[in-house]
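To start, the structure itself, in structure tokens.
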Amino acid sequence: MGSISHVITTTLPHLPSTRSLGFPISHSNSRLLSLPPTRVAKKVGVFAEHSSRSSTASAASVDFSDPDWKIKFQEDWEARFRLPHLTDIFPNAPPIPSTFCLKMRTPIDRDFPGHYSLDEEWHGYINNNDRVLLKTIYYSSPTSAGAECIDPDCTWVEQWVHRAGPREKIYYKPEEVKAAIVTCGGLCPGLNDVIRQIVITLEIYGVKNIVGIPFGYRGFSDKELTEVPLSRKVVQNIHLSGGSLLGVSRGGPGVSDIVDSLEKRGINMLFVLGGNGTHAGANAIHHECRKRRLKVSVIGVPKTIDNDILLMDKTFGFDTAVEEAQRAINSAYIEAHSAYHGIGVVKLMGRSSGFIAMQASLSSGQVDICLIPEVPFNLHGPHGVLSHLKYLLETKGSAVVCVAEGAGQNLLQKTNATDASGNVVFGDIGVYIQQETKKYFKEIGVHADVKYIDPTYMIRAIRANASDGILCTVLGQNAVHGAFAGYSGITVGLCNTHYVYFPIPEVISHPRLVDPNSRMWHRCLTSTGQPDFI
């Protein structure tokens, strides 16, 4: 097996291949479903320009002349989105009554290990057959703004995903559980909130042995890094500050080495907090545990400030980032507005997706130009950004530009360098726009006072706001519920305002992108008043 960074590199932006990860990937299981093998592509077709590649692949895989194509598609969808379970490997694993009950507020009786019967019935459990509808809009035409269609006629097809929450039956005895939490990638507001809630919920189930793995996947192999014992007393107030109690890092040891470490430490629940790359690693760990027939649940919690994970309404840290970005945008506006021919340039996070820049621009009402990776633009020329800036100075006297870090990379010289996670190191588009703007106005003999603000690390390091705090709390709780229910190789997320479980491969095939034909992007353009820069 290669290193985790190798796994991440080979799984993005496409689904993991069996060759690169070293194990077969299967979405069907005869124990629960007698369904046909996968007949359609992984990605549901989206009839938008930026997703034409996916829609073409999906449409080519479905025979729309078959009168039963819709039923077959739904059957295949159910097979793809079924949740991997411990009973796939251990069919005789006995379920036991759940130790999670809000009517029972006393610890498990130590004199009767394994005796979890409740005095009275509690109706707070989720049925395993509960589902959440993924899409709610019926698009009557593929030309509707933001239309996401499966077939050229935009037929309504129900797509259901599994509802998250506590189950009445669990597959682990709390006194036998050793749970571990690891935070990978970069910092993000809300990490401590999720850690805290995972620990609290584990203790409510009755788990006493909880540890944190320091500094991401690296903590599994570095002998200088030791486990961090966790308890409610330890994590009680960690959500009041930003960062991660456990520390973060990119890259790490090979998958086999990580699973060796899990076996040696006796860990049978692993909670992995991270983005697309980290989830690719978690999925590899899950499959290696299955290959070795280990009773281990690997549960992901999606952490990406860029909000770029598929199928989810949003990921934690995003709302906080949008809110904190307002300070930078407002500072840029004041600087620009207070100067003669002032121009403020703000660069925000967003490697592949421009959600932060779009939402921050929309909410501020002070941005004149919003540039995101999904929408190409020219800097020079009669229809370029600089020409529009000249118009803004002539008409308004000042201007504010908000740009996502991944925007306009085609304008910069490529370095081919990568970080420890295998991500391409981008050039600084903010600095480039600042320099080109100064150069342009100097050449045409017009005074321009250009200020540049990059608040990236200030935003990443702050504590979560109230909205993200709620999201982190519920994600942490549902991650524990999923582990005790016996699931593995899944991640928890917010979908259509409800909390659900997804199989990890379905959310890491590629980053979620802003649809240039979506209503939200159109609203942003209406707010900024910017033209098409092509």
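The values are calculated or read from the model by the stated rules, or taken from the named source; none is laboratory data. Since this is a predicted model, take the numbers as computed values, not measurements. Heads up, the Cβs are rebuilt from the backbone with ideal geometry, glycines too, and the neighbour counts pull from every protein chain shown. What goes into the accessible areas is simple: the full protein's heavy atoms, side chains included, and nothing from ligands, DNA or RNA. Shrake-Rupley method; radii C 1.70, N 1.55, O 1.52, S 1.80 Å.
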Once Arg292 and Asp68 are pulled to full extension, the length gained, defined as 0.36 nm per residue separation minus their Cα-Cα distance, is 76.7 nm
Given the Cα-Cα distance of Trp122 and Met458 and 0.36 nm per residue of separation, how much length would full extension add, in nm? 116.5 nm
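Which percent of the accessible area of the chain is formed by carbon and sulfur heavy atoms (probe 1.4 angstrom)?
Carbon-and-sulfur percentage of accessible area, whole number: 51.
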Which of the chymotrypsin sites (Phe, Trp or Tyr not before Pro) across the range 304-354 are loop residues per DSSP, with 14 or fewer other Cβ within 10 Å? Tyr340
Checking rank on 522-529, 139-146, with mean other Cβ inside 10 Å and highest first, the result is 522-529, 139-146
Evaluate the distance, in nm, between pseudo-label points positioned 7 Å from the Cα of Asn129 and of Ser231 along their respective Cα→Cβ axes. 4.3 nm
Can you tell me which of 185-191, 171-177, 470-476, 228-234 comes out highest on packing, and rank the rest after it, using the mean Cβ neighbours within 10 Å? 185-191, 470-476, 171-177, 228-234
Once amide H atoms are placed 1.01 Å from N in the peptide plane, what residues at a sequence separation of 5 or more from Cys495, or on another chain, have their amide H within under 5 Å of its amide H? Asp313, Val500
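What relative contact order, as a whole-number percentage, does the chain give when Cα pairs under 8 Å and 6 or more residues apart are counted?
21 percent
I need to check one value: relative contact order of the range 253-303, counting alpha carbon pairs closer than 8 Å and at least 6 residues apart, in percent.
On the way: 57 pairs, mean separation 23.8, N = 51.
With pairs under 8 Å counted, the relative contact order is 47 percent.
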Please work through the chain and write down the cysteines that have no neighbouring cysteine Cβ at a distance under 4.7 Å. Cys101, Cys184, Cys188, Cys289, Cys370, Cys402, Cys472, Cys495, Cys524
Simple Cβ-charge dipole of the range 222-278, Lys/Arg +1 and Asp/Glu -1, about Cα centre, in debye nearest 20: 260 debye
Please give the contour-minus-distance gain from Asn496 to Lys439: 0.36 nm per residue of separation, less the Cα-Cα distance, rounded to one decimal in nm. 15.9 nm
May I ask which residue of Val492, Asn478, Thr437 lies farthest towards the positive end of the charge dipole of the range 412-525, with charges of +1 (Lys, Arg) and -1 (Asp, Glu) on Cβ and the Cα centre as origin? Thr437
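Sum -39500 (n - 2.57) across every DSSP H segment of at least 4 residues in the chain, then divide by the residue count to get the 222 nm mean residue ellipticity, nearest 500.
On the way: 15 runs with 171 residues, N = 534.
Result for the chain: -10000 deg cm²/dmol, rounded to the nearest 500.
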Degrees separating the helix 276-291 axis from the principal Cα axis of the chain, which is the longest one: 20 degrees
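Using the Cα centre of the chain as the reference point, and only Cβ charges (+1 on K/R, -1 on D/E), how large is the resulting charge dipole? Debye, rounded to the nearest 20.
Details: 51 positive and 51 negative charges, 189 e Å.
With Lys and Arg at +1 and Asp and Glu at -1, about 900 debye.
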Pairing the Cα long axis of helix 191-205 with the longest principal axis of the chain, what angle in degrees results, from 0 to 90 and rounded to the nearest 10? 20 degrees
For Ser61 and His447, extending 7 Å from Cα along the Cα-Cβ vector and measuring point to point gives, in nm, a value of 6.1 nm
